[in-house]
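Below: the structure, in structure tokens.
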């Protein structure tokens, strides 16, 4: 809470914490299967959220919760990967919205054809309007890596849209 200076934002963050802590624990436990690790993942996720809460607090409640669940899931998967030294498949079923200035039906079709991780990047960048720093924080990667991933996914989506438009 010390990371948030504004008292109104602090109370809003506290309310969000109490409303979503059990969801976060459930998400983390489903991945980590350990109370201690899940607690660490949830704490780390709330710290990441606190760092960017001023920017994301005005989101629709569903979008903010989706963003947070993605953060918890990715934090948990990163912890699991460190614990097991295995590659972990990132799975989720969120429905992500479109990018601006494109045929909506074609855009939705092409986004649906992308891997889940790519859809999540687009969701964070274009639906939640997060910058590279916030995306990197949510995914546990550097700002530069987040920027490059978003650019890569945008190029991939553009190529896919051009291919489908020419069919």
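In whole angstrom, how long is each semi-axis of the equivalent ellipsoid of the range 92-167, when you take the square root of 5 times every eigenvalue of its Cα gyration tensor and sort them from largest down?
22, 12, 10
Can you give the FRET efficiency for residue 158 and residue 129, using 1/(1 + (r/R0)^6), R0 = 22 Å, r = Cβ-Cβ distance, to the nearest 0.05?
It comes to 0.65.
Using a cutoff of 8 angstrom between alpha carbon atoms and counting only pairs six or more residues apart, the relative contact order for the chain works out to 20 percent.
Axis of helix 143-165 versus longest Cα principal axis of the chain: the two differ by about 30°, to the nearest ten degrees.
Note: the range 1-90, Cα convex hull, 92 Å³ per residue. Spatially, the range 113-153 and the range 35-72 are offset by 15 Å when compared through their Cα centroids. Seen against the Cα atoms of the chain and their longest principal axis, helix 61-84 is set at about 80 degrees.
Subtracting the Cα-Cα distance of residue 23 and residue 58 from their residue separation scaled by 0.36 nm leaves 10.6 nm.
Taking the longest Cα principal axis of the chain as reference, the axis of helix 104-113 is set at about 70 degrees.
Across the range 1-71, the mean sequence separation of Cα contacts (distance under 8 Å, 6 or more residues apart), normalised by length, yields a relative contact order of 38 percent.
Rg then Dmax, both in Å and based on the Cα atoms of the chain: 16.7, 55.
Values in this text are rule-based calculations from the coordinates and carry no lab data. The model shown is predicted, which means the values in this text are computed figures rather than measured ones. Ideal geometry is used to build each Cβ from the backbone, glycine not excepted, and the neighbour counts take in all protein chains shown.
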